[in-house]
Amino acid sequence: MPWQRLEEHAEILAVHAAYVGFGKIIYFGGDQHSPTQNAARKFDATRLFDCSSYTVKTLQSPPFDSFCSGHAFLGATNIVKLLVAGGTELFYQGAGYHLHHFPGLRDAAIFNTPNFSAGSGGVGWDWQSVEKMNVSGMLAAADPLVNPHPSVRDTGGRWYPTLLTLPSGDVIALSGHPGLSDANHNNVIPEVFTRHPEPNGNWRLLAPYGNNSAYQYYLRHSTTLYPRVHVLPSGDILFSNPLDYPREQLSERLQELTTNARPPVTVTLLPDAGAFGGTFTPVALFPTDDDAPSDYGGYSSTSVLLPLGEKPTSAASRNKKKTYTAQIMICGGSNRTPYRLSLKDWSPYAVNNGTWQWRKTGQRKQSRRRYHANATILPTGEVVMTGGIDYKPLNIPNSPPPLDSDGVRTPEVYNPYTDTWTLLDGDAAATDRNYHSVAVLMPDGRVWTAGSNKNAAQSVVNAVPPAEDWRNLDIEIFAPWYHSVPDGERPYITQAPSLLYPGAAVQIKSTYASEIDRVVMVACGSCTHAFDSGQRLIEIAFEYQGDDDLRLKIPPTNNIMPSGPYLLYTLREWSNPLGLPSYGTDIVVVQPEH
């Protein structure tokens, strides 16, 4: 069976999860979607899962409610650092500015692993509070409900933000609902965290809220909560959620392709450029032809940066210089049709002549929707979609939530090289994965899945019977086809450096070295709310040098390979044309020294 279920194993609701090296997955839930826990300031819900022994260890938690925060890896050397920022100020859905959304926090903390060079017995596995996000936005009039927690009426903060690792190794925070005292409904101006100066780091807004022109510019480009974003090889950030865009601000060619006054458009953001601290550029019109693709505008669907670099087609092409063309796939949510965008020759300064267009992928093998599904890149380059609910919102008051009874348990695999979907019929999971589920790649190439609120309902933590606890506390591990291959057949990387610099040439050792067909690096997973902003697979050019030796040519810039932790895989020639992957080896990509 491809699934292994660990019943009641998670102990907490896994709203947030990340693979942090050393064969460990950290997962946490803050108040675990419980207003009672939030009101009592009980946030001790962090665990560390060992991918080999399946043991679960209780860890210290951040000193704030990290429920519905954002997280991404910071650039560092030897120590993996996961930045967590924002979260839930309190469970409050009043009228006015905060209708339907919880107020957000300004708090931030870094989770540190031990030093890679010192081994897992070193100091680490701890949280370090860092500088809070900026007091920003606009102070609202006194709210009729008094916020019982902050001692001062701050603006700023973010609930449901997306954090994304930049090529610089800094992390940018995008979107998010601000605190109760803020008159904004969305914290629209991005802000960037750098870990210097140590130890508290620094947050800076791309533009001040006091600059009304800049504020209006970002307000016009405001996006959904938990936006789906990716760093492109060109260095800018692509938003795969559509943005309603004034037609007159599009290129002449894009205007010719639409008659809509405000068509849905895909845009990129180049931080620290232009008059307002960042420049948005329209890329492509968003598809509007069937099955309400505008549903991709929310956070119930997911988005994946497909493998970067060409898969080798022959022994001679393994050492050939790669062309890193970004391709994005959007899938899941209440839309049955996945779409794919190829950005060949894209540049934020390119003249947009309509070259870049969303196109349907090959046909899925089932018609069921997958609301809140996760999509995970495998070391073969395939994307496996797990979980989700067959649900379409009615967009009317008091419409029913996505129910577990409509759960989609059968995984689907997308092959980006052949543009085909495969339904793994007969390989259904035991558990429905609804709202607040996560999926993360394990080093051995399996997929760790956890979390989910049953029927998308608020949790009841430490429930007293007959109250029902709506947390899903099991862990289920999906094993792709290659995991059933006998152990001795899969390659092993026996030697590799712990650090990599862009543009370097490095030596590694792998079993079956003369039969290695591909070498790939997969960014370590950092997932919440059915999305991982840093997820990417990169094909590495290499040559066989005899015995167990392979010489790798690392991509030239951090635009292609942002700094942070990765898993390195070799893939042996196999009956499957994608190759038989090794077990993953931890490796950290760092910034060049200046």
* Asked: Do we find that D406 is modelled with pLDDT of 95 or more, among the charged types (D, E, K, R), open to solvent by less than 10 Å² (accessible area, probe 1.4 Å) and touching a strand residue (DSSP E or B) at 6+ places or on another chain (Cβ under 9 Å) in this structure?
  -> no
* To do: For W346, indicate whether it is more than 20 Å from the chain's Cα centre (by Cα) and crowded, with 21+ Cβ neighbours inside 10 Å.
  => yes
* Which of (1) touching a residue at least 40 places away in the same chain (Cβ under 8 Å); (2) among the polar types (S, T, N, Q); (3) surrounded by fewer than 21 Cβ atoms within 10 Å (Cβ to Cβ) does N241 not meet, given it meets every other one? -> (3)
* Structure fact -> Selection over region 561-594 where residues are at pLDDT 95 or above, more than 20 Å from the chain's Cα centre (by Cα) and of a type in the set (D, E) yields a count of 1
* Taking the condition more than 24 Å from H177 (Cβ to Cβ), open to solvent by 10 Å² or more (accessible area, probe 1.4 Å), at pLDDT 95 or above and assigned to a loop (DSSP other than H, G, I, E, B), does S61 pass? -> no
* To do: Quickly run through region 537-553 and pick out the residues that are open to solvent by 10 Å² or more (accessible area, probe 1.4 Å) and assigned to a loop (DSSP other than H, G, I, E, B).
  => Q545, G546, D547, D548
* Quick one: which strands (runs of 3 or more DSSP E) lie wholly within region 260-340 and hold at least 1 residues that are touching a Ser or Thr at 6+ places or on another chain (Cβ under 8 Å) and of a type in the set (S, T, Y)? => 264-271, 278-285, 301-305
* Evaluate the following for P581: is it touching a residue at least 24 places away in the same chain (Cβ under 8 Å), touching a helix residue (DSSP H, G or I) at 6+ places or on another chain (Cβ under 8 Å) and surrounded by 24 or more Cβ atoms within 10 Å (Cβ to Cβ)? => yes
* Does at least one position in region 27-37 carry a residue that is open to solvent by 40 Å² or more (accessible area, probe 1.4 Å), part of a loop (DSSP other than H, G, I, E, B) and farther than 20 Å from F116 by Cα? -> no
* How about region 494-523: which of its residues are open to solvent by less than 10 Å² (accessible area, probe 1.4 Å) and of a type outside the set (S, T, Y)? -> L500, I508, A513, I516, R518, V519, V520, M521, V522
* Residue list for region 341-395, filter: under 19 Å from S300 (Cα atoms), among the small types (G, A, S), in a loop (DSSP other than H, G, I, E, B) and at pLDDT 95 or above -> A373, G387, G388
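The values are calculated or read from the model by the stated rules, or taken from the named source; none is laboratory data. None of the values given here were measured: they were computed from a predicted structure. Note that we place each Cβ from the backbone using ideal geometry, even for glycine, and neighbour counts take in every protein chain shown. For accessibility, only protein heavy atoms count, side chains too; no ligands or nucleic acids. Shrake-Rupley method; radii C 1.70, N 1.55, O 1.52, S 1.80 Å.
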